[in-house]
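Read-outs throughout are calculated quantities, based only on the coordinates presented, and are distinct from any laboratory measurement. Nothing here was measured: the structure is a model prediction, and the numbers come from that model. Counting neighbours? That spans all protein chains shown, and the Cβs are built from the backbone with ideal geometry, glycine included.
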Amino acid sequence: MTTLTIEEIQQAHKLLAEFAYETRPVERGYANRTLYVDLSTNTIRSKPVTQEMKDIFTGGKGFCLWLLWNAIRPTTRWDDPENEIVIAGGPIGGITAYPGSGKSTVVTVSPLTGSVIDSNAGGYFGPYLKFAGWDALEVQGIAERDVILVIDGDEGRVTLEEAPLEDINTHLIGRQLTEMYARDERDMRSVSVVSTGQGAEYSRYAGLNLSWYDVRRKEVRVKQAGRGGAGRVFRHKGLKAMVVRYSQMKGDSNNPANMELIRKAGTRINKEIAELDSKQNNMRKIGTGHLPPIMNEFDLLPVNNYRYGSHPNARNLDSTVWEELFTQGMPDGCWYGCTLSCAHGVDHFHLRTGPYKGETVLVDGPEYETIAGLGSNIGVFDPLAVIEINFYCDTYGIDTISFANSLAFAIECFTEGVIDETVTGGITLRWGDAETALELLHQMVRGEGFGYVLGQGVRYLKRLFVEQYGADPQFVQDIGMEVKGMEISEYMTKESLAQQGGYGMALKGAQHDEAWLIFMDMVRKELPTFEAKAEALHYFPLWRTWFSLHGLCKLPWNDIMPANNKETAEPNKVPEHVENYTWLYEGLSGKPTRPEDLIAQSERVYNFQRLLALWLGFGTREHDALPYRAMGPVTVDEYKSRAERYDAQLRQEVGIDPAALTVEEKVAALRRYREARYEQLMDAVYQRRGWNANGIPTLKKVRELGIDFPEIVTLLKEHSVTE
């Protein structure tokens, strides 16, 4: 940690490039240009946003994918100079009348998966970037030395600056740069910083932190674009941080066509939040921390590398625990005007390990995924330990989901005798050992020991344990919880075929932001047929994609419900809120808008992302495969823990009398049945999406969507795809 002053740090900067531009108002949600930076040549320039680009790709993630497609080649790998970090908000993003309107999406070629990934985060960066004059930012090349990119939307100036003295970890550099580029304390709210942390020097699953300034706490706070390793790409390029400043924020900065229609939608949902949130999910007090007891009750909470779905000690991670630990009584939105206000934190937390031992810090979160991953999934049921690991993951730039699953996989391999202390550097791996988890995390960011190995992810660990330590390839494949190289997010899916499909067929890897169908499928039994599941796995990924096109958070869609929602024809879609979003888009654009228009926007981008993955050598059926633990019990112990359930399924669904079988035979019989069901589900989903049996969009679908670019048609022909 540096003891230099902000002035001393800034004086060490060296200006490498400067670009002046004309500031101008956003028009109906668009700045109508994107910003391009090449770190290898210190080039900064503007690119126009065409009407065709808007019509086909809408904005947000769509713009990111299009810019990346045009920047790379099929042979591009994550560490090649032509790989890009692309960040965008979206045309609706930045409004203040409707909650959850401050999201950014990050797209890159992933060091974890090798394919294209997207990850989203809150904070102020996406909206400020747009209001500063840019619908998206793409950064290419590799700098010779550490640099910071600064976009001043008030001055109309972009600079690339050599930055040798800043701290690398987020809780320090975020504060340093906010103070450095703000005009005064009041102006600190005008600054947003993208950073990562020391972990990004070594870990393939390092993420990015996007900041905002909390004026009540007088603290710089962050949200994470954690998935897929964008932070590793960021640091490999020599980026220490990116900064945007914009101080002219107004409620109508998007210059919409009909502000009254936007206010109408906002008034309706804000009234619901005020009246109903405390009776529903209590997001304003607990956020996603309300989920652990629900998941535990329904046997959906991952325990010990997803072996089990519940645990008696899960009460220590209950929602009441987080309500007590989170600071209450403060508006906790991560964007202006977000009344859902779910970005909770633990103030004045005393660290007991690592380089900041003894210091008092603000910890943002933990969110549900972190509680379940760094809690129950590694067998830790101490909330204070979860908070400490959460803090260090955030400031080091480490994705909590991937770290949790990598550690859980390693612990299980250790307990099963696959590896031992000679592999772990003398460390004994045990369930529930938070001290060891922290030690391995600190090792990871120093690039040392077994911690460094863990930082390469589950797919790497599987290969390593087989090739160097003689592990059984089938066993490690079965228990290594990743899809496409991305670690599975923290829900138990053994009893939900639809959610298995949601993980396996997600474009970037097993993340729940495309489809969260567990309750529809498993609890409420609303998806009884393959056709019903396929329809859900068509609609919900498209609907959720829509939020990333526009710079929106999905939580206001279904984490608060209208009082009469259960009485509607399709309550899982929350029809009133879908109507709100049609009002938002129509109010912004001036175009009459129906729900199907929103889905059409998503379907173009969703299929294009699948094709971009195909272009990079992925995007086919084999890459949608699941580890068997996501489908059913791998071990005898797992089967016995739910023997009554599994025996009943063998009798009623498979038509086998379990009484005549050994436990090993029961495990094998259930496996054959469940793996066959998953193959049937893939067939049904591909057909519904307009894809062929190998999971590739057909030429007919591509033409229907208007994305039949010559390169796409050639790509499909190379894969023998016809009408």
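Quick notes
- Filter on Lys14/Lys237; Lys237/Lys554; Lys223/Lys554 - keep pairs with C-alpha separation over 20 Å: Lys237/Lys554
- Binning the alpha carbon pair distances of the stretch 281-487 at 5 angstrom intervals from zero yields the distribution 1, 8, 16, 19, 19, 16, 11, 6, 3, 1, 0, 0, expressed in whole percent.
- A cut-off under 11 angstrom between Cβ atoms defines the neighbours of Ile142, and their net charge, with Lys, Arg +1 and Asp, Glu -1, is -2.
- Long-range amide H partners of Leu16 with built H, under 5 Å: Leu160, Glu161, Glu162
- As a length-normalised measure over Cα pairs under 8 Å and 6 or more apart, the relative contact order of the stretch 281-487 settles at 17 percent.
- Computed over the stretch 10-150, relative contact order equals 30 percent, with contacts defined as Cα pairs under 8 Å that lie 6+ residues apart.
- Quotient of Cα Rg and 2.2 N^0.38 Å for the stretch 602-683, N being how many residues it contains: 1.47
- Alpha carbon convex hull of the stretch 6-245, volume per residue in cubic angstrom: 115
- Whole-number D in µm² s⁻¹ for the stretch 471-525, Kirkwood Cα-pair radius fed into Stokes-Einstein, 4 °C, 1.567 mPa s: 111
- Whole-number percent relative contact order across the stretch 6-245, with pairs defined as alpha carbons under 8 Å at least 6 apart: 23
- Between Glu416 and Glu7, residue separation times 0.36 nm minus the direct Cα-Cα distance comes to 141.8 nm.
- Listed residue pairs exceeding 20 Å between alpha carbons, taken from Lys103/Lys701; Lys218/Lys271; Lys533/Lys573; Lys240/Lys357: Lys103/Lys701; Lys218/Lys271; Lys240/Lys357
- Only one residue of Phe409, Ile419, Leu612 has its Cα farthest out toward the positive end of the dipole of the chain, where Lys and Arg carry +1 and Asp and Glu -1 on Cβ, and that residue is Leu612.
- The helix-based estimate of mean residue ellipticity at 222 nm for the chain, built from -39,500 (n - 2.57) per DSSP H run of four or more residues and divided by its residue count, is -12000 deg cm²/dmol to the nearest 500.
- Evaluating kT/(6 pi eta Rh) at 25 °C and 0.890 mPa s, with the Kirkwood radius of the chain over Cα pairs in the Stokes-Einstein relation, gives 95 µm² s⁻¹.
- Highest to lowest packing among 213-219, 580-586, 114-120, scored as the average C-beta count within 10 Å: 114-120, 580-586, 213-219
- With the convex hull of the Cα atoms taken as the outline of the stretch 521-570, the averaged projected area works out to 4.3 nm².
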